[in-house]
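Working notes, beginning with the structure itself.
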Amino acid sequence: GLCGLLFFPLSPVGAWCFSICGFLLENTVHIVDWLLAIPGFSGQYLFLARWQYLAVGLLLLPVILFAQPVMSSGRRYFVAICLLPALFFAVLPMLTAGGISLYMFSVGQGESLLLTNDAQQALLVDGGGLYSDRFDVGKRLLAPALGELGIHHLSAVLLTHDHPDHRKGLIFILRHFPVDEFWSGIAFAELHPQLQAVLREKAIPVRRFPAGWSEINSWSRTPLQLFRGPDRISKNDSSLVLYLPDPLGGLLLTGDLEKKGVGRLLAAGLPGPVSLLKLPHHGSRHSDTEHLIDRLQPQSCLVSAGYQNRYGLPARQLVNYLKQQCIPLYRTDIVGTIRVRKLADHWQIDTWQRGLFR
């Protein structure tokens, strides 16, 4: 290439140099592509908990400080001092307590939730997503958060409805995390082309749910319940609704249901009482949420919204209504990522480790 520039005034010689350069570059790219196709040769993303990153640092510290092959007794003691806490920090995330937990991630004006249980099952509900392509929510927010939680395998990924603020963050997750099943309320051919491509590429089974309530027995201990409205309605009103039963009041995730969708859900009836409600459509005033709250009488409500978003969500009138009813509202735009844990007699709600992954 440099020779081509040097001999550029002599057009035949410069053209030959550029041709040779192009030939070499093109074949180099082909060779690299061939090598990357070999299992184990391509790079892999690795998302760990903070303690595991610390363990990696402790293991690398002796290598960096003592590159010489000969080790004195003092250096051996130093290596042992680094090795023991490294092993402890490596297994520390695995020692955390299990149980039923729900995480509502702070993903801006979008929505993504993670439901886990004590059988090491993890269900990701939506993946957030910005309308701009300059920031990948799945890569920059969800994947590191899953790594911090020690989630390296997903039992299922559920797409409530195919809108960018719920879909786009899932592309990276589906491509880089093992997923047993993909759950949807619409046919595979109706999914966004990017979703279709990654599902085909990773050979992830797609499970479509019929209209009405469906029971999912694969979820350990307590079967999940999923509701879908009839076909030929708006994407928001066709959102899959997830219900986790509990004798003291279950958990209800309502997607982006609007007024008609909420009406259909109430008309179909709920499998049990609701103690914790995720507000439909980010707290929109068009979702008839007051009627839903009057019927369900939840103890607490959650909402995912972007900080000072241009839609004004959650709606001021809804926030005021919840205050009048003395129902606590937890918002990702104010407190960041929200963690909910099922205790013996109630749902405990707090922020995730004082604002981590805000």
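The values are calculated or read from the model by the stated rules, or taken from the named source; none is laboratory data. Because the structure is a prediction, the values reported are computed rather than measured. All Cβ positions, glycine included, derive from the backbone under ideal geometry; neighbour counts span all protein chains shown. Areas reflect the complete protein model, heavy atoms only, side chains present, ligands, DNA and RNA absent. Shrake-Rupley method; radii C 1.70, N 1.55, O 1.52, S 1.80 Å.
Accessible surface comparison of 77, 311, 330, probe 1.4 Å, protein chains only, largest first: the order is 77, 311, 330. Using the Cβ-Cβ distance between residue 29 and residue 343 with R0 set to 45 Å, the FRET efficiency works out to roughly 0.20. Pairs with C-alpha atoms separated by more than 24 Å, drawn from the list 202/278; 202/260; 278/323; 278/342; 259/342; 168/202, are 202/278; 202/260; 259/342. Projected label points at residue 290 and residue 37, each 7 Å from Cα along the beta carbon direction, are separated by 6.3 nanometres. If you take the Cα centroid of the stretch 84-149 and the Cα centroid of the stretch 209-264, the two points sit 22 Å apart. The Cys residues in the chain with no partner Cys Cβ within less than 4.7 Å of their Cβ are 21, 82, 301, 326.
Rounded to the nearest 10 square angstrom, residue 286 shows an accessible area of 100 square angstrom against a 1.4 Å probe.
Expressed as a rounded percentage, what relative contact order does the stretch 74-186 have, with Cα pairs under 8 Å and six or more residues apart? For the stretch 74-186, the relative contact order is 22 percent. Of all DSSP beta bridges located in the chain, what percent are antiparallel, nearest 5? About 60 percent, rounded to the nearest 5.
In percent, how large is the relative contact order of the chain, given Cα pairs closer than 8 Å and 6 or more residues apart? Show your work: numbers first, answer last.
Working: 659 pairs, mean separation 43.7, N = 358.
Value for the chain: 12 percent.
Of the DSSP H helices in the chain, those with a Cα length along their own long axis of 18 Å or more and a mean Kyte-Doolittle hydropathy reaching 1.0 comprise 11-36, 50-65, 73-91. For the pair residue 189 and residue 201, the difference between a 0.36 nm per residue extended length and the Cα-Cα distance amounts to 2.8 nm. Put 19, 184 in order of accessible area, highest first, and with a 1.4 Å probe you get 19, 184.
Extension gain for residue 231 to residue 217 (0.36 nm times residue separation, less C-alpha to C-alpha distance): 2.6 nm.
I'd like the carbon and sulfur percentage of the solvent accessible area for the chain, probe radius 1.4 Å, heavy atoms only, ligands and nucleic acids excluded. Intermediate results must be reported in sequence, preceding the final value.
Working: 11420 of 18750 Å².
Ligands and nucleic acids excluded, carbon and sulfur give 61 percent.
Ranking of 100, 31, 216 by solvent-accessible surface, largest first: 31, 100, 216 (1.4 Å probe, protein heavy atoms only, all chains present). Take the Cα of residue 140, step 7 Å toward its Cβ, do the same at residue 320, and the gap between the two points is 3.6 nm. With K and R counted +1 and D and E -1, the other residues having a Cβ less than 12 Å from that of residue 47 yield a net charge of +2.
In the complete set of protein chains, residue-level accessible area for residue 29 is approximately 80 Å², probe 1.4 angstrom.
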